[in-house]
Amino acid sequence: MKTRHSHLIAALLLSLLPLQSVAEQRIANNSDAEIRVIANDLSSNDQQKIHQWLSKLVGSIEYTFGKFPLERANFNVRTTRSSREPIPWGQIKRRGTEGIHFVVDPSYPLKRFNQDWTGYHEIAHLMIPYPGDEDLWLSEGLASYWQQFLRYNAGVLTEQQAWQALYAGFQRGERDTRYSSIPLYRLSDDMHSKRSYMRVYWSGAAFWLEAEYLMLSQQHTSVVTRLANAYRPYRTQSFTSGERVIRALSGEQWPQLSRLYRKWQESHGLQMPLKALDWFGVKVQKGKVRLNPNSPFPERRQLAYRAAPSDNRN
Ligand SMILES: [Zn+2]
């Protein structure tokens, strides 16, 4: 979910807006998935723009994940005006046909839609089922991690910018020390009332980077490769548990990932994942990320960015 104060206003608008002239369109894709856009109140130009933006999002997840994660999905789009950003609100819908609710301001140009992180964040959520409130950190972490690399894969960010944005997120999480007596799983359950978005989101993202490092260095396969293969051909469940996600990812015989999961579940603050950053050749000097251009670092990073099509292990 996108967390800004504007989401409350947008939610209110959403409930007040009359449903008028609903238009429904299919999005062409390479996964044979049935993806529908249901939008109200759009001129044909705006409708085209929204369609192009959503097609780009679908393309970015298919490129990264190797396919669309679901057999069918609905994008419900409502409009607002005079927003300070093109996509002031987004939320995953799990019940019934899964999909995403978006509130958009169609006065922004297509380029701004394509650059905005919100769409990439939301669509990344679709990679795994909802793991439950205590494992919300796992879900929000996945989306926060992938909003960077989906944008890189879509050509919206450079590789350096993607890592810089990830690192900046870790710093925000690190600074959120208000509830350091509460372990992450309990804070996740209470995230909205405590407004602990930064620690929950970015601790989760740090977990996923450490998982990536473990998988690639010890199992020689990437997280996204394993996730895509765990949910084959499409993901059918909308709800799961963190435990099941970890099992799907690591297999029964490999306890390291479970240990990493427990470490973060019980964590009382975000520890910068320095060892993992180092393994990928990501150095930080005075807050600025530098990527080591020498082998083997670029190759390691590239392996993490998209699912390997030839990996059939389950
Ligand atoms: Zn989210």
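The values are calculated or read from the model by the stated rules, or taken from the named source; none is laboratory data. From a predicted model like this one, the values you see are computed outputs, not experimental measurements. Neighbour counts are summed over all protein chains in view; Cβ atoms, including those assigned to glycine, are modelled from backbone coordinates with ideal geometry.
Would a scan of segment 162-184 turn up a residue that is within 16 Å of the ligand (Cβ to nearest atom) and under 13 Å from Tyr120 (Cβ atoms)? Yes: one or more hits. Of the strands (runs of 3 or more DSSP E) lying entirely inside segment 58-157, those containing at least 1 residues that are β-branched (Val, Ile, Thr), within 11 Å of the ligand (Cβ to nearest atom) and over 25 Å from Glu212 (Cα atoms) are 99-104.
Out of the residues in segment 168-213 that are of a type in the set (Phe, Trp, Tyr) and surrounded by 20 or more Cβ atoms within 10 Å (Cβ to Cβ), state the one that is farthest from Arg262 (Cα to Cα).
Going through segment 168-213, the residues of a type in the set (Phe, Trp, Tyr) turn out to be 170, 179, 185, 197, 201-202, 207-208, 213.
Filter again for surrounded by 20 or more Cβ atoms within 10 Å (Cβ to Cβ), leaving 170, 185, 201-202, 207-208, 213.
On the way: Phe170: 19, Tyr185: 10, Tyr201: 16, Trp202: 16, Phe207: 10, Trp208: 13, Tyr213: 17 Å.
The qualifying residue farthest from Arg262 (Cα to Cα) is Phe170.
Can you name the residue in segment 230-245 that is assigned to a helix (DSSP H, G or I) and within 17 Å of the chain's Cα centre (by Cα) and is also nearest to Lys67 (Cα to Cα) among such residues?
It comes out as Val245.
Among the candidates Arg226, Arg186, Arg178, Arg199, single out the residue that is touching a Gly at 6+ places or on another chain (Cβ under 8 Å) and assigned by TED's automatic domain parsing to the domain that holds Glu299. Answer to the selection: Arg199. Only one entry in Arg199, Arg186, Arg226 is part of a helix (DSSP H, G or I), closer than 25 Å to Ala73 by Cα and not acidic (Asp, Glu), namely Arg226.
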